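Beneath this line is the structure, given in structure tokens, with notes to follow.
Computed from the coordinates by the stated procedures, all read-outs in this text should not be read as laboratory data. Owing to the predicted nature of the structure, the values given are computational and were not obtained by experimental measurement. Methodologically, a virtual Cβ is constructed for each residue, glycine included, from the backbone with ideal geometry; neighbour enumeration extends over all protein chains shown.
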């Protein structure tokens, strides 16, 4: 008989809802916390996340609440399914609670603007480094996870026992979880792939072909690994689920929000127009800004990511960005510049 666990998901977006559904599917006791009382009532009344995950019923064993104290007290495992730029605000509200016997699992994919911190670093900066912490990432569109489409992800923690407990608590037939200890690499993979996906979308919007996109992704993956190594990650992580796996999914899937942003940029829309018409967050936009500052700080050149930043924040023409990338000085494939 499958052991049941008590799991709370903080965040009622599409991904948070999908994670709650996974846990309900494996018969865990699940609480889904919403920061918005009016929308929490919609979830209760309709038993469906009509805004962020339409068409997927919410299992009856998901309890919905807006009471943060109740949500945290209810469970051993607390999943942070909050967009990276808002994680800090929510965590400040949790400081008054006893989290010493909890496991926090970050499923956010981004880098915080202003600080350049990864989600796990934001957690530790507020709650201290004694907190039981894991991160979970990989190719995992909420639209598929919630519909029992087989999905493979990775849970990472500096404490291997914590990662294993998350694996045992949340894995089921359709949601397979691997474990490892490279938190830096897993988080960077999930964040950087969003920026490369914007570049891939620009290629689509400009009506380039498979050759262009495949070359871009190959070079983009190298940039991800180079920054990862600079910051202490295991380069092998970027050729796994949270790196190459997530990058491929985000750069080709019809569900990819960052891919959509890039496509519309390539088609001539402004970033203000694009974001104004989106309900969900495209993490790659803010991450591109955070990466620009981080690369300057650590002294590394990432040409693709730099050009995406210029298109997003300096009004550079997407076509000119591609031309400038192609006209860079020729060099060896593995040159460390």
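Which of (1) closer than 21 Å to residue 8 by Cβ; (2) touching a residue at least 24 places away in the same chain (Cβ under 8 Å); (3) in a helix (DSSP H, G or I) does residue 164 not meet, given it meets every other one?
Of (1) closer than 21 Å to residue 8 by Cβ; (2) touching a residue at least 24 places away in the same chain (Cβ under 8 Å); (3) in a helix (DSSP H, G or I), only one is false for residue 164: (2).
Residue 39 passes all but one of (1) buried (at least 17 other Cβ atoms within 10 Å of the Cβ); (2) in a helix (DSSP H, G or I); (3) touching a strand residue (DSSP E or B) at 6+ places or on another chain (Cβ under 7 Å); which number fails?
Failing condition for residue 39: (3).
Pick from the range 69-92 the residues that are in contact with a helix residue (DSSP H, G or I) (Cβ under 6 Å, 6 or more places away or on another chain) and assigned to a helix (DSSP H, G or I): which of them is surrounded by the most Cβ atoms within 10 Å (Cβ to Cβ)?
84
Taking the residues in the range 292-314 that are out of contact with any helix residue (DSSP H, G or I) (no Cβ under 8 Å at 6 or more places or on another chain) and without any contact (Cβ under 8 Å) to a residue 24 or more places away in the chain as candidates, determine which candidate is farthest from residue 192 (Cα to Cα).
314
Any chance you could count how many residues in the range 47-64 are surrounded by fewer than 17 Cβ atoms within 10 Å (Cβ to Cβ), closer than 16 Å to residue 11 by Cα and in contact (Cβ under 8 Å) with a residue 24 or more places away in the chain?
1
Kindly establish whether residue 195 is outside any loop (DSSP other than H, G, I, E, B) and either in contact with a helix residue (DSSP H, G or I) (Cβ under 6 Å, 6 or more places away or on another chain) or surrounded by fewer than 21 Cβ atoms within 10 Å (Cβ to Cβ) (or both).
yes
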